[in-house]
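See below for the structure under consideration.
Each value in this text was obtained by applying a stated rule to the coordinates, not by laboratory testing. For clarity, every value in this text was computed on a predicted model and none was experimentally measured. Note: ideal-geometry Cβ built from the backbone for every residue, glycine included; neighbour counts use all protein chains shown.
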Amino acid sequence: MKKITAFFIIGLLLLIIVPMAFAQNGSPGAEKDSNGRALTETQKLIPDEVLEKQKKLVPDEILEKQKQLIPDKVLQKTEGWRVKRAEQIAEKVDSARNFIGNLSENQSRIFLHLSRAQQNRLVEMDKEDALNVMENLRLRVVNKADAFKERVIAQEKLEHAKQNYLKAKQNYLKSLNSYKEAKSNFMDVKNRIKECSNDDSEECRELEERAVNHSKKMIMNSANMIIEHLNKIKEKVISSETIDEERAEEIVSEIEGQISEVEGIIEDAESAETKEEIKEAAKSLSKLWIRIRNRERLHSTAVVEARVWGIIKRSEHLEERLELTLAKMEEQDLDVSEIDNKITEFSEKIQQAKDKYQEAQDLIDKEYFGDNKETLKSTVDEAKELINEAHELLKEAHELLVGIVKDIKSAGGDIEPEDDDEEYEIVEEDDDDNEEEEEELEDDDNDDNEEEEQENDEDEDDNEEEDNDNNEEELEDDDEQEDDEGNNTTV
């Protein structure tokens with residue numbers, strides 16, 4: 001009886017185990033995964049490791065829907081949060097699903113790597129216009145360490161440029177103080193000379209000689225101030241990794257040529273022996289400054305504009321980290337609706353700043369490639385205004401970022417750390433408040449009285465160079481502010 005019972009139990013177990021084995025292994029010719037399990041139709045299209053990655057962010061039941069939106073090959077090699085974001089856009093905008101679904105594999109890959117603001121703008125555009133925009137975009141892999149740079153500069157060269165900048169700044173202030181001292185002495189002697197009317201005494205001749213020497217010192221110190229001002233700009237350009245190599249070489253070459261011209265005037269002033277020769281040297285320096293002042297403003301603007309570019313690139317990178325953080329929080333079933341809206345707003349602010357930057361870049365390029373001196377000043381003013389607007393937008397984006405980070409932490413999330421050495425980026429093919437003093441200097445150049453012209457030129461040189469110092473200090477403040485913004489926009 002026991003044997004019969006045992007055989008019955010064994011038979012019952014066989015009846016249960018065999019169907020289960022068939023259910024797990026499928027038909028003899030079925031495709032199987034690495035664990036021997038039969039693949040579903042969806043699994044056949046996506047490798048195991050990619051499918052597992054997708055499952056973390058995208059449930060199985062919507063993978064088929066995403067396949068209809070994104071080509072299979074692209075879907076397999078794209079982070080799940082990017083695909084999910086495209087699906088969300090397709091759900092919100094009626095024409096978006098048709099537009100995204102008809103993109104080529106390459107265009108689809110590019111679209112998925114665009115920012116929220118860029119994606120939203122594309123799906124809201126006329127289809128033909130949107131495709132024309134896509135035609136000019138390329139996706140490339142970049143080293144993350146160099147993602148925010150137009151060029152890589154050796155640390156030794158950076159340090160050397162920094163020391164040269166500080167030296168130029170000190171020399172500028174030294175020349176400014178010497179200029180003021182020489183001017184004070186000159187004015188004192190000049191007042192005493194007025195008492196020497198028709199007096200050819202030795203004392204009066206000595207006063208005339210001292211006036212000449214003080215005038216020469218004024219001119220030479222004024223010229224040295226211009227040189228050191230230009231040197232500061234040059235060293236800023238040399239040390240800027242956000243200015244491309246070709247543009248940097250152009251600026252440095254032009255500045256060095258201007259410095260050589262100023263040095264020539266210094267030599268003329270040193271060798272001058274008569275009042276007429278001194279006045280000629282002063283006029284030459286004044287005319288040279290009038291000729292180059294807007295070019296140096298263009299170079300200064302290019303430095304600031306390049307810094308803005310660096311902040312924009314960092315901000316775009318931050319947006320991706322926020323997106324990844326959001327996806328991780330959704331995995332944990334955390335409420336991210338408010339954070340999601342703020343990230344959309346953050347993305348739009350960055351894109352608006354990028355638009356302003358690009359407008360300024362186009363204006364600056366036009367002046368570097370052109371030779372229209374009449375429009376230079378107005379173009380530089382316009383470019384500076386656009387850069388200021390871009391900077392304000394970046395400040396607003398930073399304020400949003402602070403709130404986003406706070407909300408993420410309050411909701412129980414953590415900012416995702418950077419874990420890759422490389423990343424994708426999309427590429428597209430294809431200072432100063434010295435205007436009033438400068439205008440006064442121009443008026444003085446037209447003065448008919450040569451004696452008054454000399455005095456006024458010297459006064460205006462003083463005002464002009466002091467103003468240039470103020471302008472350069474403003475530029476330095478702008479640079480420091482941009483550095484602060486760069487630091488502040490780092491999570």
By the mean-Cβ-within-10 Å protection proxy, highest first, 294-302, 351-359 rank as 294-302, 351-359
Residue separation between Ser378 and Val141 times 0.36 nm, minus their alpha-carbon distance, gives in nm 81.4 nm
Along segment 121-131, Karplus-curve 3J(HN,Hα) (6.51, -1.76, 1.60; θ = phi - 60°) to the nearest Hz, with x for Gly and Pro, reads 5, 5, 6, 8, 7, 4, 4, 5, 5, 5, 5
Here FRET efficiency (C-beta to C-beta, Ser260 to Ser95, R₀ 60 Å, nearest 0.05) is 0.50
